[in-house]
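The values are calculated or read from the model by the stated rules, or taken from the named source; none is laboratory data. Given the structure is predicted, the values throughout are model-derived calculations rather than measurements. Cβ atoms come from the backbone with ideal geometry, glycine included; neighbour counts cover every protein chain shown.
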Amino acid sequence: MADGEEQINSNEQQKEHLNIVLIGHVDAGKSSTGGQILISTGVIDKRTAEKCRQEAKEKCHEGWWLSYVLDLNPDERDKGKTIETGRGTFQTKNKKFTLLDAPGHKGFVPEMISGASQADVAVLVISARKGEFETGFERGGQTREHAMLAKTAGVRHLTVLINKMDDSTVEWDEERFKECRDKLLPFLKKSCGFKDKELFFIPASSLTGAFIKDQAPDVCKWYSGPSLLDHLDSLPPLNIVDENSAFIMPITSKHKDMGTIVTGKIESGIIHIGSKLIIMPNKSLVEAVGLYAEEKEVPTLQCGDNGRIKLKGIEEEDVSPGMVLCDVDRPCRAARVFDAQVYILETKSIICAGYSAVLHVHAATEEVKLSKIHYLIDRKTNKNIPTKFAKTDQIVAVRIESLGKSVCVDKYTEFDGRLSRFTLRDEGKTVAMGKVLRIVE
């Protein structure tokens, strides 16, 4: 290998790897944003881009052609709706990114949660078009739910991309940008829990590429901040690699290819070829015989990497998404019963003991019931008030029981990450979000 190639590979290895998920209401332009990012960074060549444009034109979907870069499923292309989480990779000057394009339709929220559970950074794509922003942001719209789910899933930075600023109802109007921003800010801070330093707003047009990679002063004179890619490139380090921390990787998918291969984002620790591991909660002992990142085999994977691991010692049918790959000596906890603090977001009626819902924690999904409500937490005094029921906008301490198998969770005080934060959904809506306080059983 030439010295120049070695230098390039060395520089690439030194870049921090971040996982970014595109979220937001249906038709806000998430897939088009993803397609524009991959074209702008040179991942998708001109020939492939032109092929996508031509295919969209043949289907009379010329305005959707950028989404064809990530929406590969024929149903997605025909209907213009993302069904599965699309995936791509790109690089900026200082960072490497795995791009995840989550579905926006309310019928595919579990798939969106799976994408968000692998991400460090989320780009909340908002349509500035008159009427579309309001539809997405009102109760029942996916803007609110996606933002809350991203925070609960462990996303640590949220970039809000006010898209479609070139639309005829907007025409790069600064007041419309401010209107969208000022309505979103209180919700993102109060209801979702994002801090000021974790939020950033950018006006853009994914269709034309304005403020995706480059500045566009010719169309927008009032915004002097960074483009989306410049902003993402300037983010502070989010994945601190500690060689002494326990290895933890929630499994998001699995397949068979000359052995059992599992995929996921490494939450902590480092793994090498030959590492002895355990899969929780079924306690299967396995060995890592192959590690892959961006289609290449690598000697190690570390905290922050979104990779694939070939395992020896287990069959593919014995692995399920939601299981967790861990160090043999320091496995994560698995519980059927645990106590939690829960914030009730929205419910039709009161919630009491016996209430059942679907628990989403990292990549795991399990039916659960609230077997007991311990007490209500007064938000003004922080005192515990005995109660037997809970309603919208209340914080309560509850006992949760799995109605199926054990779930891999950990105490909030021990692991403030994806294994301790969860959401509860019922009848297709997110009802509550919470954190694990104590493992009971």
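Any idea which of A340, A335 is touching a Gly at 6+ places or on another chain (Cβ under 7 Å) and of a type in the set (A, V, I, L, M)?
Criteria check complete, one pass: A340.
Write out, first by first residue and then by second, each pair whose Cβ atoms fall under 7 Å of each other, whose residues are 6+ apart or on separate chains, and whose first residue, in the range 116-132, is on the phi > 0 side of the Ramachandran plot while the second is of a type in the set (D, E) and in a helix (DSSP H, G or I).
Final answer for the pair search is none.
Pick from the range 230-263 the residues that are part of a loop (DSSP other than H, G, I, E, B) and within 18 Å of the chain's Cα centre (by Cα): which of them is nearest to K310 (Cα to Cα)?
Among residues in the range 230-263 that are part of a loop (DSSP other than H, G, I, E, B) and within 18 Å of the chain's Cα centre (by Cα), the one nearest to K310 (Cα to Cα) is I251.
Just one of E297, E367, E317 is free of Cβ contacts under 8 Å to residues at least 12 places away in the same chain, closer than 25 Å to G404 by Cβ and surrounded by fewer than 21 Cβ atoms within 10 Å (Cβ to Cβ); which is it?
Being free of Cβ contacts under 8 Å to residues at least 12 places away in the same chain, closer than 25 Å to G404 by Cβ and surrounded by fewer than 21 Cβ atoms within 10 Å (Cβ to Cβ) holds for just one of E297, E367, E317, which is E317.
Consider the range 220-229. How many of its residues are out of contact with any Pro (no Cβ under 8 Å at 6 or more places or on another chain), assigned to a loop (DSSP other than H, G, I, E, B) and surrounded by 15 or more Cβ atoms within 10 Å (Cβ to Cβ)?
2
Give just the number: which of (1) surrounded by 16 or more Cβ atoms within 10 Å (Cβ to Cβ); (2) out of contact with any His (no Cβ under 7 Å at 6 or more places or on another chain); (3) modelled with pLDDT under 90 does N382 not satisfy?
(1) is the only condition that N382 fails.
Would you be able to say whether some residue in the range 55-64 is at pLDDT 60 or above and aromatic (F, W, Y)?
no
Condition test on T98, is it at pLDDT 90 or above and either among the β-branched types (V, I, T) or within 30 Å of T169 (Cβ to Cβ) (or both)?
no
Of a type in the set (S, T, Y) and over 22 Å from V431 (Cβ atoms): which single residue out of T159, T152 fits that description?
Exactly one residue qualifies, and that residue is T159.
Mind checking which residues of the range 279-288 are surrounded by fewer than 17 Cβ atoms within 10 Å (Cβ to Cβ) and either aliphatic (A, V, I, L, M) or at positive phi (or both)?
K283, L285
Looking at V160, is it modelled with pLDDT of 95 or more and not hydroxyl-bearing (S, T, Y)?
yes
Would you tally the residues in the range 23-40 being more than 15 Å from the chain's Cα centre (by Cα) and in a helix (DSSP H, G or I)?
8
Do the conditions hold for K30, that is, is it over 14 Å from K164 (Cβ atoms), charged (D, E, K, R) and at pLDDT 75 or above?
It is false that K30 is over 14 Å from K164 (Cβ atoms), charged (D, E, K, R) and at pLDDT 75 or above.
I'm checking my understanding of the structure. Among residues of the range 412-434 that are surrounded by 18 or more Cβ atoms within 10 Å (Cβ to Cβ) and of a type in the set (K, R), which one is modelled with the highest pLDDT?
Filtering the range 412-434 for residues that are surrounded by 18 or more Cβ atoms within 10 Å (Cβ to Cβ) and of a type in the set (K, R), the one modelled with the highest pLDDT comes out as R425.
Determine which single condition E84 fails, assuming it passes every other condition in (1) more than 22 Å from K164 (Cβ to Cβ); (2) at pLDDT below 85; (3) not in a loop (DSSP other than H, G, I, E, B).
Tallying (1) more than 22 Å from K164 (Cβ to Cβ); (2) at pLDDT below 85; (3) not in a loop (DSSP other than H, G, I, E, B), E84 fails exactly one: (3).
Could you please find all residues in the range 135-157 being assigned to a helix (DSSP H, G or I) and either more than 15 Å from K189 (Cα to Cα) or aromatic (F, W, Y) (or both)?
Scanning the range 135-157 gives T135, G136, F137, Q142.
Within the range 303-350, can you find the residues that are over 30 Å from K369 (Cα atoms), of a type in the set (G, A, S) and either in the same structural domain as K96 (by TED's automatic domain parsing) or in a loop (DSSP other than H, G, I, E, B) (or both)?
Result: G304, G313.
Looking at (1) in contact (Cβ under 8 Å) with a residue 40 or more places away in the chain; (2) in contact with a Phe, Trp or Tyr (Cβ under 7 Å, 6 or more places away or on another chain), which is the one condition that is false for K256?
(2)
Given the options G269, G264, G304, name the one that is touching a Phe, Trp or Tyr at 6+ places or on another chain (Cβ under 7 Å) and under 17 Å from Q118 (Cα atoms).
Testing whether each residue is touching a Phe, Trp or Tyr at 6+ places or on another chain (Cβ under 7 Å) and under 17 Å from Q118 (Cα atoms) leaves just G269.
If N282 meets every condition in (1) closer than 18 Å to S114 by Cα; (2) not in a strand (DSSP E or B) apart from one, which number is that one?
(1)
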